[in-house]
1. Does ASN10 satisfy the criteria of being in contact (Cβ under 8 Å) with a residue 60 or more places away in the chain, buried (at least 17 other Cβ atoms within 10 Å of the Cβ) and part of a loop (DSSP other than H, G, I, E, B)?
2. Modelled with pLDDT of 95 or more and touching a strand residue (DSSP E or B) at 6+ places or on another chain (Cβ under 8 Å): which single residue out of GLY258, GLY247 fits that description?
3. Scan PRO369, PRO302, PRO309 and give me the residue that is in a loop (DSSP other than H, G, I, E, B) and either under 21 Å from the mean Cα position of the chain (by Cα) or among the polar types (S, T, N, Q) (or both).
4. Just give me the residues in the stretch 385-418 being part of a loop (DSSP other than H, G, I, E, B) and over 21 Å from ARG79 (Cα atoms), in sequence order.
5. Scan the stretch 279-296 for residues that are within 19 Å of ILE16 (Cβ to Cβ) and surrounded by fewer than 16 Cβ atoms within 10 Å (Cβ to Cβ) and report the count.
6. Residue check, MET29 against (1) over 24 Å from ILE154 (Cα atoms); (2) crowded, with 22+ Cβ neighbours inside 10 Å, all met but one. Which one?
7. Here is a list: ALA176, ALA196. Which entry is assigned to a loop (DSSP other than H, G, I, E, B), buried (at least 24 other Cβ atoms within 10 Å of the Cβ) and free of Cβ contacts under 8 Å to residues at least 60 places away in the same chain?
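The values are calculated or read from the model by the stated rules, or taken from the named source; none is laboratory data. Remember, it's a predicted structure, so these values are computed and weren't measured experimentally. Because the Cβ atoms are built from the backbone with ideal geometry, glycine has one as well, and the counts that use them run over all protein chains shown.
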Amino acid sequence: MDRIRIRGGNALNGTIPISGAKNAALPLMIAALLTDDTLTLENVPHLADVEQLIRILGNHGVDYTVSGKRLATNAGSGRTIHFTARTIVDTTAPYELVSKMRASFWVIGPLLARMHKARVSLPGGCAIGTRPVDLFIEGLQALGATIDIDAGYIVAEAKGGLVGNRYTFPKVSVGATHVLMMAASLAKGETVLENAAREPEVADLAQCLNAMGARITGAGTSTITIEGVTALSGARHRVLPDRIETGTYAMAVAMAGGDVTLEGTRSDLLQTALTALRDAGASVTDTPHGMRIQRNGNGIRPVDVVTDPFPGFPTDLQAQFMALMTRSDGVSHITETIFENRFMHVQELARLGAKISLSGQMARIEGVPRLVGAPVMATDLRASVSLVIAGLVAEGETTVNRVYHLDRGFERLEEKLVACGADVERISS
């Protein structure tokens, strides 16, 4: 099993290309199930989760071809992939596939909309919480689906097709918003989704669906209106830049110090997180092709943050910001409101010398003057990269184990950091 070794102490200087967003690419790929034409996606990142979803879509009969199969020399060069679901050969998503990646559960929406039936395994829990699917079920029922649960599978049927309706999410859910928006695109009549997720990835999916012939307005706001159409066509769409990767590298620069341009990204995708970074003492400025992050000499100020749905502080940057706060000149607090069990990185940061105490969903971080390298264990995707950020300033050597978590969401992480002066190396077992 691969490990990442980091020798801390080097500032970061240079340019880091930002990849296409994993959280946008996955629902866009699933949208290919809605049409028998070809959906072409540009800027698709090289990630383990993308490869897994390609295999899952293949189970349903989706063919794909890749333009430029050879790994690009530019670490930020995404692929162009052509997906064609001319014939859906299987409407069952089995447990052995869904259990490997929760997002694969989202196929239930397109399958139900296009084939009027779907049998999809319940995804079960995960390391950062149970993430129940009740909102998916209630929303699809509102569109006329009949749903039963049989031996761990959701069995859904919509004889004659889905029918538009008004549905209000009891709580904001990005995944359920994706699924209902896709399903409603082929429903009869108008659907109005209220208290919908406002994340940029939702708006990106709507833009792609509209290019395919859907009629969606309001995506990016809390009320989305979808006028159903009888069929969708193919389209070409570019995946938006990864705001979580952007924020992660911005926090790495704030931690290690230096001057780095994040190329190919947009500051409007994560304004709340950038405000927190500025409050912590980093300089963040827009450039013609991205943004520039600097921290030269000044200390790290303590900042309190609360995770919230977009446009609030992203839960997917909580662990990274906590790593940064371990070196602040004072006490900070982080309150996690989205997922339970998302503080598992705390004990691993403590192995490096961090002083963090927990009270329910709040973490109190007392900044320390130094961190010291040690072997640590990655527990999930975002937690694992927080350990890399801490390792960039830890004295001596830090070894991050179980880095397969990193490969699910960060494309060529070591290569991008090394290009900016970090002493980081992947060690293969």
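1. Spelling it out, ASN10 is indeed in contact (Cβ under 8 Å) with a residue 60 or more places away in the chain, buried (at least 17 other Cβ atoms within 10 Å of the Cβ) and part of a loop (DSSP other than H, G, I, E, B).
2. Numbers: GLY247 fails: touching a strand residue (DSSP E or B) at 6+ places or on another chain (Cβ under 8 Å).
It is GLY258.
3. Numbers: PRO369 fails: either under 21 Å from the mean Cα position of the chain (by Cα) or among the polar types (S, T, N, Q) (or both); PRO302 fails: either under 21 Å from the mean Cα position of the chain (by Cα) or among the polar types (S, T, N, Q) (or both).
When all the criteria are applied, what remains is PRO309.
4. The first filter runs over the stretch 385-418 and keeps only residues part of a loop (DSSP other than H, G, I, E, B), leaving 392-394, 396, 402-403, 410-412.
Those that are part of a loop (DSSP other than H, G, I, E, B) and over 21 Å from ARG79 (Cα atoms): LEU392, VAL393, ALA394, GLY396, ARG402, VAL403.
5. Count: 7.
6. (1)
7. Exactly one of ALA176, ALA196 is assigned to a loop (DSSP other than H, G, I, E, B), buried (at least 24 other Cβ atoms within 10 Å of the Cβ) and free of Cβ contacts under 8 Å to residues at least 60 places away in the same chain, namely ALA196.
Residue-wise test of (1) more than 18 Å from the chain's Cα centre (by Cα); (2) at pLDDT 95 or above; (3) of a type in the set (Gly, Ala, Ser).
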| residue | (1), (2), (3) |
| --- | --- |
| ARG3 | yes, no, no |
| LEU12 | yes, yes, no |
| LEU41 | no, yes, no |
| LEU47 | no, no, no |
| ARG55 | yes, no, no |
| GLY58 | yes, yes, yes |
